[in-house]
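Below you'll find the structure, written out as structure tokens, and then a few comments.
Derivation of every value follows stated rules applied to the coordinates shown; laboratory data play no part. All of these numbers come straight from a predicted model, not from anything done at the bench. When we count neighbours, we look across all protein chains shown, and the Cβ atoms used for this are built from the backbone with ideal geometry, even at glycine.
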Amino acid sequence: MDIQYLSEYLEYLEVEKGLAQNTLEAYRRDLTSFLDFCKLRKVSDIADIERTDLNSFILKLREDNYNPTSVMRKIASLRGFFKWFCANEYGTKNPAQTLEQPKLPKHLPKVMTIEELNQILNTNLTEEETLIVELLYGCGLRVSELVNLQLNNIDIKSKYIQCFGKGSKERIVPFGEKAKAALKKYLKVRDLIILKNKLVDNKILFLKDDGKQITRQDVYNFIKKQGEKIHKHISPHTLRHSFATHLLENGADLRVVQELLGHSDVSTTQLYTHITKKRLKEVYFAINKNS
């Protein structure tokens with residue numbers, strides 16, 4: 001099967017839609033697995049793909065026990081690809097046009113308490129680890145935003161961070177005195193790493209001891225390890241969830257939280273209001289259970 005269309009589509013997503021590399025790789029994997037599946041069904045031309053091929057592919061994903069989120073993402077990838085394929089007049093029929101996107105049950109995100117966060121911060125963390133926790137929680141950064149931060153993205157004096165979220169969308173996020181203090185301490189450590197590894201003109205904020213940029217997996221592993229201290233399974237996104245929830249619990253405006261998180265749709269941010277309502281109920285019944 002000719003893969004020139006796939007390459008052209010990915011280039012379109014990168015150049016015109018501004019999608020991040022991680023997102024592009026997910027699209028590439030999703031579409032390649034589908035095209036490989038079609039080869040096994042003796043379909044040699046993308047224009048010959050039928051709705052039955054799509055249905056069979058989705059059925060196989062479910063038989064192979066793919067989780068619902070993965071199936072939903074693959075369906076979205078297929079719908080986007082075939083819409084582009086027909087819009088560019090490479091084909092006359094869109095087999096994915098009426099392909100429905102399954103609705104997932106909405107699960108409330110896990111949230112940490114202030115006490116749990118302080119418990120982690122009060123352990124023997126390095127300067128870099130302390131700053132990672134401060135920025136994930138104190139600024140609500142996504143892990144991809146965190147690892148890609150550069151020195152010129154940070155204004156220490158004004159206490160603002162310029163970060164680039166999904167689709168390279170820029171937003172400005174403030175940080176507090178604790179994060180400022182952690183940042184100053186870490187920058188001294190970073191200077192030593194630069195000297196030790198004889199690095200020139202390296203603007204990446206977070207560096208490992210060997211001078212290489214930290215990865216998302218490094219951060220995931222670190223946060224997971226911190227969760228063990230409080231007997232809780234947590235991820236970097238848990239700190240982001242906690243940031244949003246605690247803001248709303250303390251009276252922050254929903255639209256402000258939306259801007260700080262970089263959500264394109266306020267309905268995504270509204271999920272956190274359900275958490276705060278749930279928490280209010282828990283507090284209410286705890287106070288009134290004996291009255």
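Listed values, structure above:
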{"item": "For Rg and Dmax of the Cα atoms in Å, calculated from these coordinates, the label among [x] 21.4, 69; [y] 22.8, 72; [z] 23.8, 83", "result": "[y]"}
{"item": "Extreme residue, positive dipole direction of the chain, given options S158, Y5, H233 (C-beta unit charges)", "result": "H233"}
{"item": "Taking F37, F175 and counting other C-beta atoms within 10 Å, the order from fewest to most", "result": "F37, F175"}
{"item": "Nearest-20 debye value, the chain charge dipole, Cβ charges on Lys, Arg, Asp, Glu", "result": "880 debye"}
{"item": "Of K169/K196; K208/K232; K83/K103; K198/K232, those spanning more than 32 Å from alpha-carbon to alpha-carbon", "result": "K169/K196; K198/K232"}
{"item": "Among I154, I230, I132, residue whose mean-square fluctuation peaks in a GNM of the chain (springs only between Cα atoms under 10 Å)", "result": "I230"}
{"item": "For the chain, calculated [θ]222 nm from helices alone, where every DSSP H run of n ≥ 4 adds -39500 (n - 2.57)", "result": "-19000 deg cm²/dmol"}
{"item": "Exposure proxy order (Cβ contacts within 10 Å, fewest to most) of F82, F164", "result": "F164, F82"}
{"item": "Which of S56, S168 has the fewest Cβ neighbours within 10 Å, and the rest in rising order", "result": "S168, S56"}
{"item": "Residue of V173, V256, V200 that the Gaussian network model of the chain assigns the largest fluctuation, springs spanning Cα pairs under 10 Å", "result": "V200"}
